[in-house]
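Reading through the structure tokens given below for one structure.
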Amino acid sequence: MNSFLALITRLLARLGPKLTLALALLLALTLLAGIYLGRQAAYKNMNVVPRSLVSIQVELSSAREALKATQGDLQMQRTRHEVDSRALELLRSEMAAENERTADLEEGLRFYRSMVVSEDMASGLSLRKPELVPGDSPGRLAYRIFIQQKEREYEIVEGTLSVEVFGLKDQAEVSYPLAALSEDFNQRAAALHFRYFQAIEGELALPEGFEPKGLTVVARASKPRETEVREQFPWELQERFINVGK
């Protein structure tokens, strides 16, 4: 390596400064020409020219910005859609609740009309079919019994109500006073005192092994005159009480 450098040094010394400078310039031009030809070959392989490459880079940058803006718009549309869906669902829930409330009010109105202005009810005391609704656990039920009167001039009715639940136990017919099945049906609850109608309600627990078949309901009035009405009703459960308001 050292001998090669010494040879080059002696050769340059023989050529002289001017010729050495010319040779250096020639080598530099040759290097620049190689770089230029290499770039042109690369552009040719990519089917572009330098000016087209700059244009493509500008278009690529613009496309990236447009894509970013489109993604933002898409996310905004998704958010609006979710908000609109939630608002629509809330509106549907409110409409369903309002429809249910309207239905309850109409049911209560029909009930009061039947209690007060029923044309097919004879004068005096009358008993409506008891309402029975399943409770929170097997064998437990909620009950409600309505007693009403229809008179030309409504006076205060005073009296008592007695209820028996009849059915089968061990294949034998048996009956139980409601007072024995329900802590809510005491002497005070069984007392009648009303002008138009009265509701007796509470909860009862059925004895184990007892299969209820129906109820015997007896209403006895002592005022304004002595009256008694007795009816038997089948044991039929319903999902809920009739809505009669508060």
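Rule-based calculations on the coordinates, nothing more; no lab input. Computed from a predicted model, the values in this text were never measured in an experiment. Glycine gets a Cβ as well: all are built from the backbone with ideal geometry, and neighbour counts include every protein chain shown.
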* Structure fact -> Residues other than residue 84 with Cβ under 15 Å of its Cβ, Lys/Arg counted +1 and Asp/Glu -1, net out at +2
* Asked: Magnitude of the Cβ-charge dipole of the range 124-234, K/R +1 and D/E -1, about the Cα centre, nearest 20 debye?
  -> 420
* To do: Return a whole-number percent for the relative contact order of the range 124-234, with Cα pairs under 8 Å and 6 or more residues apart as the contact set.
  => 33
* **Kirkwood Rh and Cα Rg combined as Rg over Rh, evaluated for the range 122-238** => 1.00
* Structure fact -> Residues 176, 143, 154 in order from fewest to most other beta-carbon atoms within 10 Å are 154, 176, 143
